[in-house]
Amino acid sequence: NNPPLKRPDCLVVGRSKNPPVVSFLLLQRAGMKQVELYGRVRYAVKIQGMSRRGAARVFGIDRRTVDKMLAFSVPPGYRRKRTPARPKLDPYVGIIDQILEDDTKRLKKQRHTSKRIFERLRDEYGFAGGITIVKDYIFAARQRQREMFVPLSHPAGHAQADFGEADVTIAGIQYRAHYFVLTLPHSDACFVAAYPAATTEAWLDGHNRAFTFFGGVPLSILYDNDKCLVARILPDGTRQRTRAFSGLQSHYLFEDRYGRPGKGNDKGNVEGVVGYARRNFMVPMPRFASWDALNAHLEEQCRNRQRDVLRGHRESISERLTRDQTLLTALPPAPFDACDKHATRVSSLSLVRYRNNDYSVPVAFGHQEVWIRGYVHEVIIGCGSEEIARHPRSYEREDLIFNPIHYLLLLEKKVGALDQAAPLVGWDLPDVFATLRRLLEARMGKSGKREYVQVLRLLESFDLNDLHGAIRDALRLSAISFDAVKHLLLCRIERRPPKLNLDIYPYLPRARVATTSAASYMNLLTGTAS
C-alpha cells in the first residue's frame, strides 16, 4: 500500500585536475537528498521487511552501502581509518619543519611559499615526489602553527591606547593623519584625536585630551612598545621609559603595562576601535578647516557612540561607562605640559634645528645655548628663563621657518643684503611700505635703505596695524623719515595729535614766503652796478 520507491537523484561531480566549482546551495540540496535516501532505505528494510539485496536493486546502490545505511541513521561522513604512508615525503619532513620555523623570524612578505619549498627540496635535497603532497603537508603544518587566543574579561577603570592612520583634508590639503585612540575596555567607551604625526608630543597631548574627556585618570593603561614611550626593553623584559613619558606618568600617577612585541592582540580592544574609528568616523574622508575642527568632530562622534548597545550587552556604552568613571582617579589641577624638550645651539645664520627643520631666532642670540619645546602645532624657543621665539610647527623635512623681524637688527648694519635677504622673501606687507622705501631711497640713497630698515624694526615693539596707519599718515603729510613715522606711531598709540606743523605752536612767529618775481632780481642787479 505504500507509494512506489523511486530511484534517487544523484549529484555527480567529475574528477579532474581542476574539478568544477559546485555552488553551496547545490551541495546543500544534495546533502538533504542523501539524508532522505538514508531514511527511505532504512524504512524499507527495517519496517517493510525488504531484503538488503532487494533494497540495493530498488534504490540503485551497492549492497555495502545498504549495510552502512542500516548501521548509521544519517551519513557518517568521510572517515580515514589510518594515516597514509608517505614514503617519498617522510625523509624530508624535518627539513620542511625547519624552513617553516625559520620563516617565523623573517619578514612576513619574505617567507617561503609552498612552491618555493618544493623547488628547494627538489633542487637542493633531491626530492623526487610531486608538489601536491608537499603543499598538503605545509598547509596542515601552518594550520597547527596558527595562534589560539583566550577570551579575556576587562575590569572597570583600566584603559588601552594606540595610534591609527587615515587620510584627511585640512584647509584644502590632504594629509596622512595619525589618530590617537584611548579605550576603556570594560565599557567600550573611546576617545579619538587626530594629529599630523604620531610624535612624542602627540602621545602626551592625546593623554591630556582623553583624561579630560573621561573626567579622570585610568588605574592602568596598556600600550604597545612604541619608541615614543619605551626607550629600551631590558633583558628581563622590563621597559625603560622615555623621559617625556616618565614625566607624564609621574604627573597623572597611572600604571603602565605593555603587550608583547609584535602582538597586537594583547590589546585587542583598542585595536578593534582603531579600525572602527577609521571605518565609521573617517569615511568619507573628513574635510575640515583646521585640526581643531577635525578633533571637535571626532570627539562628538565618540560621544554619539556611547548611546550604542554592543553585541553581548544589555546596557549601552554610556551606562557601563559610569562604572569605569567611579574608579578613575581625580585629575591634577593642571594638565601635563605636552611637549618634546631639547637643548641645542643657535647657528651662525640665527637658526635652530628641530626635527630636521630650521627655525629662526633673533640674531642677538647667535651662537648661544637655547632650549626648544616642540608642541603639536607650535615650536617655542628660549634662552635661560626667557622665551625668544615662537613658530608654527612644520612637519616637512629640511624646511626653513623664518620670522623676518628676527633679522632686522643685522640688516640695519648690513643694509646691502636687504634685497637678497631670504627671511624677507614672501613677507606680505601693505603696499605703503614699498612706497615709503622708494621715497626714502630717492631722497637719501643708501641712508634711505637704512632708515627703511629702522622703520621695519618698529615692528619689534609695535603692532603691524598701528605702524601701517602711521606710515599712511606720514605719506599724507609728506613727512618721509624714520623720525616722523615713529612720532606719528607714538601719537596714534597715545591718542594725541602729532606735532608736525605750527598750528599747535601759536607763540612762534609764522614765516611768510612770497613768490619771487624776475623784477626783484633786476633790482638787485641794478643796485650792484651802482
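The values are calculated or read from the model by the stated rules, or taken from the named source; none is laboratory data. Everything numeric in this text was worked out from a predicted model, so none of it was measured. Positions of Cβ are backbone-derived with ideal geometry, glycine not excepted, and every protein chain shown enters the neighbour counts. The accessibility values were calculated without ligands, DNA or RNA, using every heavy atom of the protein model including side chains. Shrake-Rupley method; radii C 1.70, N 1.55, O 1.52, S 1.80 Å.
Scanning the range 343-390 for residues that are closer than 26 Å to Ala202 by Cβ, of a type in the set (A, V, I, L, M), out of contact with any Asp or Glu (no Cβ under 9 Å at 6 or more places or on another chain) and open to solvent by 10 Å² or more (accessible area, probe 1.4 Å) returns a single hit, Ile388. Within the range 91-135, the set of residues being touching a residue at least 12 places away in the same chain (Cβ under 8 Å), open to solvent by 60 Å² or more (accessible area, probe 1.4 Å) and closer than 21 Å to Gly262 by Cβ comprises just one member, Thr104. Across the range 264-287, the qualifying residues are those that are free of Cβ contacts under 8 Å to residues at least 24 places away in the same chain and in a loop (DSSP other than H, G, I, E, B), and the one among them that is nearest to Cys302 (Cα to Cα) is Val283. Residues that are open to solvent by 90 Å² or more (accessible area, probe 1.4 Å) and more than 30 Å from Leu456 (Cα to Cα) were ranked within the range 484-510; the one that is modelled with the lowest pLDDT is Tyr507. So, Phe149, is that one closer than 30 Å to Gly268 by Cβ and either among the hydroxyl-bearing types (Ser, Thr, Tyr) or in contact (Cβ under 8 Å) with a residue 60 or more places away in the chain (or both) or not? For Phe149, the condition - closer than 30 Å to Gly268 by Cβ and either among the hydroxyl-bearing types (Ser, Thr, Tyr) or in contact (Cβ under 8 Å) with a residue 60 or more places away in the chain (or both) - is met. Residues that are of a type in the set (Ser, Thr, Tyr) and assigned to a helix (DSSP H, G or I) were ranked within the range 302-333; the one that is surrounded by the most Cβ atoms within 10 Å (Cβ to Cβ) is Ser318. Candidates in the range 453-497 are the residues that are outside any loop (DSSP other than H, G, I, E, B), touching a helix residue (DSSP H, G or I) at 6+ places or on another chain (Cβ under 7 Å) and without any contact (Cβ under 8 Å) to a residue 24 or more places away in the chain; of these, the one that is nearest to Leu424 (Cα to Cα) is Leu467.
Filtering Ala296, Ala244, Ala231 for residues that are within 30 Å of Gly172 (Cβ to Cβ) and hydrophobic (A, V, I, L, M, F, W, C) leaves a single hit, Ala296. Hey, can you tell me all the residues within the range 391-408 that are surrounded by 14 or more Cβ atoms within 10 Å (Cβ to Cβ) and under 21 Å from Asp463 (Cβ atoms)? Answer for the range 391-408, where residues must be surrounded by 14 or more Cβ atoms within 10 Å (Cβ to Cβ) and under 21 Å from Asp463 (Cβ atoms): His391, Phe402, Asn403, Pro404, Ile405, His406, Tyr407, Leu408. Taking the range 409-422 as the range and being in a helix (DSSP H, G or I) and open to solvent by less than 20 Å² (accessible area, probe 1.4 Å) as the test, the residues that pass are Leu411, Val415, Leu418.
Assess whether Asp205 counts as being part of a loop (DSSP other than H, G, I, E, B) and not hydrophobic (A, V, I, L, M, F, W, C). No.
Pairs needed: first member in the range 289-311, charged (D, E, K, R); second member anywhere, surrounded by 12 or more Cβ atoms within 10 Å (Cβ to Cβ); C-beta distance under 6 Å; at least 6 residues apart or different chains. Sorted first by the residue in the range 289-311, then by its partner, the pairs are Arg307/Ser316; Asp308/Ile317. Pairing each residue of the range 319-339 that is among the small types (Gly, Ala, Ser) with any residue that is modelled with pLDDT of 95 or more and surrounded by 15 or more Cβ atoms within 10 Å (Cβ to Cβ), provided the two are 6+ apart or on different chains, yields C-beta distances under 7 Å for Ala330/Gly216; Ala338/Glu201; Ala338/Leu204; Ala338/Asp205; Ala338/Asn208; Ala338/Tyr375. In summary, strands (runs of 3 or more DSSP E) completely within the range 109-199 and bearing 3 or more residues that are over 28 Å from Arg307 (Cβ atoms) and within 29 Å of the chain's Cα centre (by Cα) occur at 173-184.
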